Amino acid sequence: MPTALITGVTGQDGSYLAELLLAKGYRVVGVVRRTSHDSYERIQHLVGKIEIVAADLLDQHSLQLVVRDARPDEVYNLAAQSFVPTSWTQPVLTGEFTALGVTRILDAVRLEKPDARFYQASSSEMFGKVRETPQRETTPFHPRSPYGVAKVYGHYITVNYRESYGLFAASGILFNHESPRRGLEFVTRKITDAVARIKLGLVSELRLGTLEARRDWGFAGDYVDAMWRMLQQTAPEDYVVGTGRQHSVRECCEVAFAHAGLDWRKHVKHDERFDRPAEVETLLADPTKARERLGWVPQVPFERLIEMMVDADLERLRA
C-alpha cells in the first residue's frame, strides 16, 4: 500500500486529493498546523480514514519528523497562504509559508526520504502580467502580487532541488480551480454564497471589485487527478493545468444569479475597496502538455461548476 503525505490537507485541494488517493488504495497522512481550534470541516468525512499529524511549514524540524515517521512514497505540498489580497497585507508571512515553506518541506524530503516523489502546487498567478496568451509551461513569469512572487520562488526552488539533488520533484501550474469547498473569501465562492443569501432573503446586495478580470476556471476535483498523474510519470516535469477556456467575473455573476432565478444587475455593486493594487487582468491556460503526456482532460464545465456551487450554498444556508 503506497503512502502519500499531504500538507494543506484541510484545504479545498487537500480534501479532494485525500479522497482520490483513498479511493486508489493509498495510506494518506495529512499534515495540519497545531492551532487552538481545528478547522476540519472539509475533511470531517475523512477523519478516521486518514492519519492526521501536526507540523508547520514555518518549522523545519517538525517537517523532518513527519517525513521520517510517515516514510511517504509521494509528498504533495498544497499548504500555503493562498489568498492573493492577504498577500498585500501580510507579505512577509506569505513569503514564509508560500516561498520558504517549500524549501523547508523539500529539504525534509531530501534529508529523510529522498526517493519520495514530490509535488509542488504552483500557480497561474506566477504569470501575472501575461507575456503571451494562452500561457504554457514556457511562458515567462511576471507576478503581480506578493503571493505570485512567493509562488515563483516555490516553483524555482522545486526545479533547483530536482536538478541539484536528483529528487523526483514536479510542479503543477494550476489555473483557478473552484468547488463547493472553496473558501468564502475567493471571488467565485463569494458570488455563489451571496446568490444563496439573496435568494433566501438574508441579504440584498453583493459588493465586488472589477468585473472584467478574466480567468480560466475549473473544478478542483478534476485538478487533483492531474497532480496524481504527474507523480506517476517516469520523469518529473512541470505541467500547466487548466481548461483552456476563459470567463470574466461578470460571466460568473450571470451564471450564478440566473441559476437561482435572479437578475445579477439588480444586486451586484462595484466596490473599489476590493480592487487589487496591481490587477491580473487575464489568465488562460494552454493545457496541451497535460492532455498529451498525462492523458488529463477536465470533466466539469464552467457553467456546471458554478451551478453546483450555488446549489451547495443554498443547501448549506437552508440547513
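The values are calculated or read from the model by the stated rules, or taken from the named source; none is laboratory data. These figures come from a predicted structure and were not determined experimentally. Here the Cβ is made from the backbone with ideal geometry for all residues, glycine too, and neighbour counts use every protein chain on show. The area values use the complete protein model at the heavy-atom level, side chains included, leaving out ligands, DNA and RNA. Shrake-Rupley method; radii C 1.70, N 1.55, O 1.52, S 1.80 Å.
Per residue, region 73-122 exposes 34 Å² of solvent-accessible protein surface, assessed with a 1.4 angstrom probe and all protein chains in place. Each of the peptides 15-25, 111-121 was scored by the mean count of other Cβ atoms within 10 Å over its residues; in descending order, highest first, they stand as 111-121, 15-25. On a per residue basis, region 176-319 carries 45 Å² of accessible surface, using protein heavy atoms and a 1.4 Å probe. Across all Cα atoms of region 134-283, the radius of gyration (one decimal) and Dmax (whole number) stand at 18.2, 58 Å. Measuring nothing but protein heavy atoms, the accessible surface of region 238-306 at 1.4 Å probe radius is 46 percent carbon and sulfur. Counted as membrane-span-like here are DSSP H helices of the chain whose alpha-carbon atoms extend 30 Å or more along the helix's own axis and whose Kyte-Doolittle mean is -1.0 or above; there are none. Full extension of the segment from Glu237 to Tyr40, taken as 0.36 nm per residue of separation minus the current Cα-Cα distance, would add 67.7 nm.
Solvent-accessible area assigned to carbon and sulfur over region 88-218 amounts to 51 percent, based on a 1.4 Å probe.
Quick check on packing: order 265-273, 88-96, 308-316 by the mean number of other C-beta atoms within 10 Å, highest mean leading. Don't skip to the end; give the middle numbers.
Numbers: 265-273: 11.4, 88-96: 15.6, 308-316: 18.4.
Put in order of decreasing packing, that is 308-316, 88-96, 265-273.
Suppose the chain between Gln299 and Tyr165 were pulled fully straight at 0.36 nm per residue; how much longer would it get relative to their current alpha carbon spacing? Please report the intermediate quantities before stating the final value.
Values: separation 134, 0.36 × 134 = 48.24 nm, distance 3.61 nm.
Difference between extended and current length: 44.6 nm.
Alpha-carbon geometry of the chain: the Rg and the Dmax are 19.2, 58 Å, given in that order.
Determine the shape class of region 1-116: with a ≥ b ≥ c the square roots of the Cα gyration tensor eigenvalues, call it rounded for a/c under 1.5, and otherwise prolate if a/b is greater than b/c, oblate otherwise. Oblate, because a/c is 1.5 or more while a/b does not exceed b/c.
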